[in-house]
1. If you take the residues of the range 180-190 that are assigned to a strand (DSSP E or B) and either in contact with a helix residue (DSSP H, G or I) (Cβ under 6 Å, 6 or more places away or on another chain) or not assigned by TED's automatic domain parsing to the domain that holds Ser126 (or both), which of them is farthest from Thr253 (Cα to Cα)?
2. Quick check on my filter: what residues within the range 538-568 are in a helix (DSSP H, G or I), touching a residue at least 60 places away in the same chain (Cβ under 8 Å) and either of a type outside the set (Val, Ile, Thr) or not assigned by TED's automatic domain parsing to the domain that holds Ala604 (or both)?
3. Please determine whether any residue of the range 446-456 is under 24 Å from His391 (Cβ atoms) and assigned to a strand (DSSP E or B).
4. Restricting the search to the range 571-597, which residues are out of contact with any Leu (no Cβ under 7 Å at 6 or more places or on another chain), surrounded by 20 or more Cβ atoms within 10 Å (Cβ to Cβ) and within 30 Å of Pro326 (Cα to Cα)?
5. Quick test of your reading of the structure: Glu629 fulfils all but one of (1) without any contact (Cβ under 8 Å) to a residue 12 or more places away in the chain; (2) within 20 Å of Leu645 (Cα to Cα); (3) outside any helix (DSSP H, G or I). Name the failing condition by number.
6. Within the range 192-213, track down each residue that is in contact with a helix residue (DSSP H, G or I) (Cβ under 8 Å, 6 or more places away or on another chain) and modelled with pLDDT under 80.
7. Would you confirm, using the coordinates I've provided, whether Arg580 is closer than 30 Å to Lys519 by Cα, touching a Phe, Trp or Tyr at 6+ places or on another chain (Cβ under 9 Å) and not assigned by TED's automatic domain parsing to the domain that holds Phe657?
8. For the range 569-583, which positions are of a type in the set (A, V, I, L, M, F, W, C), within 32 Å of the chain's Cα centre (by Cα), on the phi < 0 side of the Ramachandran plot and not in a loop (DSSP other than H, G, I, E, B)?
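The values are calculated or read from the model by the stated rules, or taken from the named source; none is laboratory data. Note that the structure is predicted; figures quoted are calculated from it, not measured. Note that we place each Cβ from the backbone using ideal geometry, even for glycine, and neighbour counts take in every protein chain shown.
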Amino acid sequence: MSNAQWLLVDASFSVWQVNLRTSSSSFFYFFYFLVTEKTPERRSNYFGKQVLERHRVVAICRRTKRSGFPGLPSPSILPVLSSSNMRMDLESCMGLNDPRQMLPPPPGSFVDRDELIQHVGDFAVSQGYVVTIKQSKRDRVVILGCDRGGVYRNRQKQVDESCSEQNKRRKAGSRLTNCPFEAVGKKGDGLWVLTVKNGTHNHEPLKDISEHPSARRFNEREVLMIKEMTESGLKPRQILKRLRQSNPDLLSTPKHVYNVKAKLRQGNTGVRNFKSLSPQKSLGRNDYSVVIEPSWRQRNPPRVPNLIGGRFVDSQSYASIDVLNPATQQVASQVPLTTNEEFKAAVFSAKRAFPLWRCTPITTRQRIMFKFQELIRRDIDKIAMTITSEHGKALKDAYDDVSHGLEVVEHACGLATLQMGDFISNVSNGIDSYSIREPLGVCAGICPFDFPAMIPLWMFTTAVTCGNSFILKPSEMDPGASVMLAELAMEAGLPSGVLNIVHGTNETFDAICDDDDIKAISFVGTKAAGAYIYSRASAKGKRIQSNVGVKNHAIVMPDASMDATLNALVAAGFGAAGQRCTALTTVVFVGGIHLWEDKLVERAKALKVDAGSQADVDIGPVISKQVKEQICRLIQTGVESGAKLVLDGRNILVPGFEHGNFIGPSILSDVTAEMECYKEEIFGPVLLCMEVDNIEDAINIVNKNKYGNGASIFTKSGLAARKFQTEIEVGQVGINVPISVPLPYSLFTSSRPSFAGDLNFDGKAGIQFYTQMKTVTQQWKDLPDSDGQALLMST
């Protein structure tokens, strides 16, 4: 076949290339190699002498047919190919009787060792052979060979065959048992690289893969079920019958069950990774439907995993941070500091997943979000309890946290209309112009501790529905909810590599800011961290949205409704122990506080302070002892500066939780703008009270504060409300309501130093942040060919 014909094949498959599955991205390079290599010598050097030129397209089509790759070439492209041999090859690979060629697996790079082994194993099965691990140094190299598995030895005695003839035949078969095929995986620069050392075989492919002994092996869950049922007194045939109820395709026999029982008695199961499971957490007796939990969860305390390439993997880092229950100081879990190699692997996985995910129809992405929100509702109790145990907030506040995040997921189910472009017909003679909205690529999110569920869902839900892949870095203080949500997203059908999770502190921040493959970063957190991330990442040309620093105000006019206003002030000021970016910190009373102070203190004292898991709790503990000490220090500086401590919650004791980080509701009056407690974020259940003579002075106080997150006014006067709405310089404005989390189809806006970037969270701006516009101008006209016939061409 000529080079020109191969180039024609290359062009015919150009559209198909972008539709390859990212889980087989290495096969993309295999395809590219096959189509672009023009010399038989170079192809022979790679595949071995037995590989013919025709394999180039045959192998591709056969692999495509089995794996269900989208965009399979149809017979309609066959007339385009000028070679009859090529047409025959394509026809044969699309369904005619063409035997498997036992090709070697395509080379490529993989996130970890298990993914490499899985890739080789799956490809081998499609080609009619089975691989096994010949040699392994777990952290550096693995050598894979062809597993003849005894099925080729032909041990069964033939009819009318003498014993000597049988022995000769068996010896000859044994010599052929060792197949020369060998593939090597080596680790370098954080990734595992696959190369084929010898791609040839000395035997024919298996006609039926179920003939091989590997098809009769039990998986980890089945081994544990065998162990439990054996302890219950069931016989092998009874065990096998129950196993087949859950797996009708099971090929094992009672003899295989006997073998597993023997290995269990010896402590050698022969099942890969079985020893990595913690023995003290086995299945409940006679509960054969329970899914085995991953090993990272079975540790005590559990060690929070990374999510890389669709797999939850324990970090190789020896350094970790204890996640403490704020009410008891007990270690709830341990967060590893993700290594640089693991971070690179996560970015590589996200980058590899992006090409296929961006080409996935928006309706398919939305269906995954529909399933995702259904699974969150199913597990909302577990997620809320995890938030309470790690963050400390009352259980009802934890439910609100998840519910606000659910609103974002529900909004993502209808993002298609928000991603529509514009079309202008006939901008010039025969020329059309249109714009399309496309995803950016790999994006990242850095989360704070105050909303462990809502803010991660703010970030990755919108990003992945727009077609991006995502790197999520949860807060190291309460990462459990993010991991649970990622598990549910995977269960909902999110492809491997689209969502990845890494952990860490400053080094991880720097890695996210500096990595050239990450195109956009979302951040919510403190002013100092946000300013640092914004300056460092923007210097690298990344798109940034950074919500930082809060000091939310409320202006109370003399005509405000007493009961409604007090209820709003208490809920917004002390709810979730004041640990949220929408918490009310300062109340400016126009005309004086004397009518309000006593009733405000009375309602604050009525709030119940206890562990978040207890019943009817209003205020739980703050997240750490360091945060508690900072809050107490700022209260003390206010007192020393002349403020009046109307209600002191610093020395509160909670029976049964004496070691908890509890602070009761605290109220300071006579606060001025020069005091440190007013200038700095408190982020605790502390309400600062100020007095002014008129609304102009109140608005002036709010506008002079260095933070511009949100402010509210409580009044019965429409004139005062309109003046406030017009003149106030903040992002979120409330009228007779405190600052609340807006619905996802409206913007979460901040202004001045409380926000850095161009596009806010949620609403249309949230979609715009994770996408970019492309404008296409096109013209189509009829041009005559050399024979004088018209050809439809684009220019």
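1. First, pick out the residues of the range 180-190 that are assigned to a strand (DSSP E or B): 182-188.
Adding the requirement that they be either in contact with a helix residue (DSSP H, G or I) (Cβ under 6 Å, 6 or more places away or on another chain) or not assigned by TED's automatic domain parsing to the domain that holds Ser126 (or both) leaves 183, 185.
Working: Ala183: 32, Gly185: 34 Å.
Per the criteria, the residue is Gly185.
2. Within the range 538-568, Ala564, Ala568 meet the criteria.
3. So far as the range 446-456 goes, yes, one or more of its residues are under 24 Å from His391 (Cβ atoms) and assigned to a strand (DSSP E or B).
4. Across the range 571-597, the qualifying residues are Gly575, Ala576, Ala577, Gly578, Gln579, Arg580, Cys581, Thr582, Ala583.
5. It fails just one condition, (3).
6. If the condition is that a residue be in contact with a helix residue (DSSP H, G or I) (Cβ under 8 Å, 6 or more places away or on another chain) and modelled with pLDDT under 80, then Ile209 is the only one that fits.
7. no
8. Step one: of the range 569-583, the residues of a type in the set (A, V, I, L, M, F, W, C) are 569-572, 574, 576-577, 581, 583.
From what is left, the residues that are within 32 Å of the chain's Cα centre (by Cα) are 572, 576-577, 581, 583.
Keeping just the survivors that are on the phi < 0 side of the Ramachandran plot gives 572, 581, 583.
Listed by number, the list holds a single entry, Ala572.
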